[in-house]
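Here's the structure we're looking at; comments come further down.
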Amino acid sequence: MKGDEGEVYLLGSVHVLPPNLHWQSPVISHALSRSDVYVFEVAQDETAVTELNALILAQGFLPSGESLRAQLHPAALADYDAAVAMAGLPPEAIERERPWLAGIQLMFAQITKLKFAAGNGVDSVLMAQAAGTHKQSRYLETIAEQFALLAPADPTLEMEEFESGLKDLRDVAGGIQPMVDAWSVGDQAKLDRLINGELDEFPQARKLLLDDRNRRWVPKIEAMLKEKHVFFITAGAGHLTGPAGLPGLLRKAGYTVEGP
C-alpha cells in the first residue's frame, strides 16, 4: 500500500508457532528486505517485560480470601475443571489469580505441552530480525494500553471473556492447529471464522479487543504513509480479516490495498 511519501506492508501474525515452521515466503522476505521500519503491536524488550511484570503483580490477583472457582457461574464449572486438568496445573496454581491471568496461564500451559512457543511466533522472530539488522522498530500500542485489554476494569466483562474462552481451553490443540493451518495457506475466510467468529457472541469483547483497536490503528498507518519510509507492520492475524479488519478499513478510507 502506497501513500504520498511512504509505503506499508501488512502481515497478519500468529503469536505462538511450532518449531521449524517455515513461513517466510519469498514475497515476505522481499517485503522485509525493502522495509526500513518494522512496526509491531507492542514492545517485548526487557523494559517492556519489566513493566508488564509489575502490572501483573499489582493487578493479577484476587483479594485475600477469594478464590477464582467460587466466582464462576455454575454452568462454567465443568469447563473450568476440564481446562485446568488439560493444562496439567494443580488447581491451587491459579485459584488466587484474576480471571484474565488464569486464562493466560491455562492457555500457555497447554501451548507449552504442544511445543508451541512465543519465541517461534512471527512477532518474536521479526523483532529479533529487526534488532539484528539494526532497523528501526515502532509500536501501535503501549504496554499499559494492551494490559488494559488483558485486565479489563469491568469485572463483569472480565469474567465474561474468561468463561467464554473456557471451552477453547479444554482443547487448545484442537483450536490452534486449524488456525495455524489456515494461516499457513492464507485462507482469510477460515481465519476470520476461527479467530473472530466466537467473539460475535460477545459484542462488547469484540469491540474492545478488535474493532476499536483497528479503528485507532488506521490513523497511525495513514500517518506512516506520509513519511519517507517503507514500513513492515506485523499485527495479529485477526486484525486483518473481514470488513472491519485493517485492510477493509483502509480500503474504505480510499486506499488501494493489494492482496486478500
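Each of Gly119, Gly65, Gly3 was placed along the dipole of the chain (beta-carbon charges, centred on the mean Cα), and the one lying farthest toward the positive end is Gly3. What distance in nm lies between label points placed 7 Å from Cα along the C-beta direction at Ala70 and Arg138? The modelled label-to-label distance comes out at 5.0 nm.
Among bridges DSSP assigns within the chain, what percent are antiparallel (round to 5)?
Details: 3 of 17 bridges.
Taking every DSSP beta bridge within the chain, about 20 percent pair in antiparallel fashion.
Length gain on complete extension for the stretch Asp154 to Arg251, per 0.36 nm per residue less the alpha carbon to alpha carbon distance? Spell out each step's value before the answer.
Working: separation 97, 0.36 × 97 = 34.92 nm, distance 3.35 nm.
Net length gain for the segment: 31.6 nm.
Per-residue extension of 0.36 nm, minus the Cα-Cα distance of Ser164 and Lys220, leaves a gain of 17.0 nm for this segment. Among residues other than Glu5 with Cβ under 12 Å from its Cβ, the summed charge is -1 (Lys and Arg +1, Asp and Glu -1). Using Cβ point charges alone (K and R +1, D and E -1), the dipole size of the chain about the Cα centre works out to roughly 680 debye.
Listed options for Cα Rg over 2.2 N^0.38 Å are (i) 1.20; (ii) 1.10; (iii) 1.04. The value calculated from this structure is the one marked (iii).
Given R0 = 30 Å, the distance between the Cβ atoms of Ala54 and Val125 translates into a calculated FRET efficiency of 0.70.
For a paramagnetic label modelled on Gln204 (point 7 Å from Cα along Cα→Cβ), amide N atoms under 16 Å away belong, within the range 157-176, to 157-165.
If only the Cβ of Lys and Arg carry +1 and only the Cβ of Asp and Glu carry -1, the dipole of the range 38-173 around its Cα centre is close to 460 debye. For the range 102-260, the solvent-accessible area works out to 49 Å² per residue, with a probe of 1.4 Å and every protein chain left in place. In summary, the convex hull built on the alpha carbon positions of the range 124-260 has an orientation-averaged projected area of 9.7 nm².
The values are calculated or read from the model by the stated rules, or taken from the named source; none is laboratory data. It should be emphasised that the depicted structure is a prediction, and the values quoted were computed from it without experimental measurement. Here the Cβ is made from the backbone with ideal geometry for all residues, glycine too, and neighbour counts use every protein chain on show. Accessible surface is based on the protein model in full, side chains and every heavy atom, while ligands, DNA and RNA are left aside. Shrake-Rupley method; radii C 1.70, N 1.55, O 1.52, S 1.80 Å.
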